[in-house]
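For reference, the structure discussed in these notes is given below.
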Amino acid sequence: MRCPYCGSLDTQVKDSRPTEDNTAIRRRRVCPDCGGRFTTFERVQLRELMVAKRSGRRVPFDRDKLARSVEIALRKRPVETERVERMLSGLVRQLESLGDTEISSETIGEMVMEGLKQIDDVAYVRFASVYRNFREAKDFESLLGELHLGDGKQAEALAKLKRGEPREPE
């Protein structure tokens, strides 16, 4: 493994242990050349997945890119990291078990939205607003209607979203 500090190819593993959900191995490494310490994660990959973008391009599936977008949607939300990690691991397993090596970005986006809906409504709306390219407030209104807020809570939740306030859990 290449050292991220000096670029040396001769790094040593000092400690290995499974992650909390046992889906990866966490390795602490040290570089004998510069003394830098860093962590790597090793995950099982059943097959090489390709993502078919809307533009027609094909790119390799990148779990880290997916994790970053979910992290942005969950920014400043009270959601445990382990819960997010379980959702991401489950999503990747679902994608790998679909049988196809090529998956549309729409399929991935819908699966992420479904996962976020189970974790946090605000993150779900944030992700959906970017994924579905919202242009007007009515786009938010229709999405909030999908959340089944009922009894006038929809208007209240929309107003809070517009003000940037978090929604209280039900």
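Among the residues of this structure, residue 2 does not count as one that is touching a residue at least 40 places away in the same chain (Cβ under 8 Å) and more than 26 Å from residue 81 (Cβ to Cβ). Among the candidates 103, 108, 25, the residue that is among the β-branched types (Val, Ile, Thr), surrounded by 13 or more Cβ atoms within 10 Å (Cβ to Cβ), closer than 21 Å to residue 2 by Cβ and out of contact with any Gly (no Cβ under 7 Å at 6 or more places or on another chain) is uniquely 25. Of the set (1) surrounded by 12 or more Cβ atoms within 10 Å (Cβ to Cβ); (2) not in a loop (DSSP other than H, G, I, E, B), all apply to residue 1 but (2).
Contact map, region 87-105: first residue under 14 Å from residue 119 (Cα atoms), second residue among the small types (Gly, Ala, Ser), Cβ cut-off under 7 Å, separation 6 or more or different chains; pairs are 87/115; 88/67; 91/115. Among the candidates 57, 77, 27, the residue that is without any contact (Cβ under 8 Å) to a residue 40 or more places away in the chain and under 24 Å from residue 113 (Cα atoms) is uniquely 57. Only residues that are charged (D, E, K, R) and crowded, with 20+ Cβ neighbours inside 10 Å were counted in region 111-124, giving 2. When region 13-53 is filtered for residues that are touching a helix residue (DSSP H, G or I) at 6+ places or on another chain (Cβ under 9 Å) and at pLDDT 85 or above, the ones remaining, listed by number, are 49, 51, 52, 53.
The values are calculated or read from the model by the stated rules, or taken from the named source; none is laboratory data. Quick caveat, the model's predicted, so the values are computed rather than measured. As a convention, Cβ positions derive from the backbone with ideal geometry for all residues, glycine included, and neighbour counts pool all protein chains shown.
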